[in-house]
Amino acid sequence: MRAAVSRALAVLQRVTRDPTLVPEVWRKLHGRLIARRYQRRTRLYAELAVPCVDGLARMLDVEPAVVQTVMNGEPLRGYLADLEAYRVPQQARAMGGAAFLEVCYTIVRLTRPKVVLETGVAHGYSTAIMLHALEDNNEGELHSVDLPMFLPGVAAFTGGAVPPRLRASPRWELLVGSDRQVLPSLLKRIGLIDCFLYDSDKSYEGMLHTWRLVWPHLRPGAVLVLDDVQAHDAFLDFVGALGLTPLIIPKPARQGVYRWDDVYYVGLVRKPQT
Ligand SMILES: C[S@@+](CC[C@H](N)C(=O)[O-])C[C@H]1O[C@@H](n2cnc3c(N)ncnc32)[C@H](O)[C@@H]1O
């Protein structure tokens, strides 16, 4: 009860300071109220999921051994160990958990994107791992968008897990604001995107809105990593409307930076070449 009141007060303070956030707050609330409408096929996530190495190999059209070499390679293991050692500040404990980092790193290493877009930064685990991958490629830039959670004091810790050297990298820009506020002008500015990690608003409408907004800005052959798709049918509806076969992989749990017990799922999409 106390937590709910302090959360409500934090929301009130934020929207008083920045009234442009009112629609975002309403959308999040509304999304929760109507969530059940879009949960008709969620059992399919577990049924359709394939092991992550197989899913990546299929999407990237490479042998599983190629994926395994990057995933089990020394640089990635070292970066993950560093991220695991990041001590989350007390005030920021409620900030969202990590995306599927091994998948993000492997995709960036194997596809060598020039332009990467990420929505949802929080502690910045995925930001850090993709910046490492871009550094290892010696090319590419990452544009990250994040609207910090509506909790007092958390905004100061956005991207806290990103090592200082990478934070200062000219390869990275962080834009603070909601996807809906920030993306229209960002998408116009950065040109065609090669790789898109979505890990921000987890509502049905939020996901579909952003995926549809970004889709025309993706280069043919671009790769999408859509985190935490299990809560509703958005991913299945999205790929269904595009006539694509859903490719779903389970996320790790109870290990390393993946500190939760439940199994979550990631949707993978490759934009057709034509
Ligand atoms: C799961 S966390 C991201 C974790 C991050 N990708 C990582 O691997 O560490 C989700 C983040 O998205 C932010 N977020 C939620 N709704 C958003 C929206 N509409 N626009 C932008 N960011 C949003 C949350 O406040 C939170 O910081």
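The values are calculated or read from the model by the stated rules, or taken from the named source; none is laboratory data. Just so it is clear, the structure is predicted and the values come from calculations on it, not from any experiment. Because the Cβ atoms are built from the backbone with ideal geometry, glycine has one as well, and the counts that use them run over all protein chains shown. Remember, those area values only see protein heavy atoms, side chains included, never the ligands or the DNA or RNA. Shrake-Rupley method; radii C 1.70, N 1.55, O 1.52, S 1.80 Å.
Side notes on the structure shown:
- One residue stands out among those in segment 126-139 that are open to solvent by 10 Å² or more (accessible area, probe 1.4 Å) and part of a helix (DSSP H, G or I): the one that is nearest to residue 162 (Cα to Cα), which is 132.
- Residues (of a type in the set (Ser, Thr, Tyr) and in a loop (DSSP other than H, G, I, E, B)) located in segment 167-188: 169, 178
- Every pair of residues 6+ apart whose Cβ atoms lie under 8 Å, when the first sits in segment 96-111 and is farther than 16 Å from residue 142 by Cβ and part of a loop (DSSP other than H, G, I, E, B) while the second is modelled with pLDDT of 95 or more and away from the ligand (no atom under 14 Å from the Cβ): 100/52; 100/249
- Just one of the numbered conditions (1) under 15 Å from the mean Cα position of the chain (by Cα); (2) modelled with pLDDT of 95 or more is not true of residue 190: (1).
- Any hit, segment 100-111, residues being near the ligand (Cβ under 9 Å from one of its atoms), under 29 Å from residue 4 (Cβ atoms) and of a type outside the set (D, E, K, R): no
- Residues that are assigned to a helix (DSSP H, G or I) and either away from the ligand (no atom under 13 Å from the Cβ) or on the phi > 0 side of the Ramachandran plot (or both), drawn from segment 12-21: 12, 13, 15, 16, 17, 19
- Only one of 24, 74, 63, 47 that is of a type in the set (Asp, Glu) and surrounded by 14 or more Cβ atoms within 10 Å (Cβ to Cβ): 24
- Residue among 40, 58 that alone is under 23 Å from residue 263 (Cβ atoms), open to solvent by 20 Å² or more (accessible area, probe 1.4 Å) and in a loop (DSSP other than H, G, I, E, B): 40
- Matching residues in segment 151-191 - criterion: being open to solvent by less than 60 Å² (accessible area, probe 1.4 Å) and of a type in the set (S, T, N, Q): 158, 169, 178
- Here residue 139 passes the criteria (1) modelled with pLDDT of 95 or more; (2) within 16 Å of the ligand (Cβ to nearest atom) except the one numbered (2).
- Top-ranked residue in segment 192-209 [being aliphatic (A, V, I, L, M) and either more than 8 Å from the ligand (Cβ to nearest atom) or not in a strand (DSSP E or B) (or both); ranked as surrounded by the fewest Cβ atoms within 10 Å (Cβ to Cβ)]: 192
- Residues satisfying the stated conditions in segment 2-21, i.e. under 20 Å from residue 180 (Cα atoms), among the basic types (Lys, Arg) and either in contact with a strand residue (DSSP E or B) (Cβ under 8 Å, 6 or more places away or on another chain) or open to solvent by 90 Å² or more (accessible area, probe 1.4 Å) (or both): 17
- If you filter segment 211-232 down to residues that are within 21 Å of residue 23 (Cα to Cα) and over 12 Å from the mean Cα position of the chain (by Cα), you find that the one that is surrounded by the fewest Cβ atoms within 10 Å (Cβ to Cβ) is 212.
- Some residue of segment 227-246 being of a type in the set (D, E, K, R), at negative phi and at pLDDT below 95: no
- Residue 212 farther than 22 Å from residue 102 by Cβ, within 13 Å of the ligand (Cβ to nearest atom) and either part of a helix (DSSP H, G or I) or modelled with pLDDT under 95 (or both): no
- Any chance residue 118 is more than 21 Å from residue 262 (Cα to Cα), of a type in the set (D, E, K, R), away from the ligand (no atom under 15 Å from the Cβ) and outside any loop (DSSP other than H, G, I, E, B): no
- Residue within segment 55-73 that is hydrophobic (A, V, I, L, M, F, W, C) and closer than 24 Å to residue 202 by Cβ present: yes
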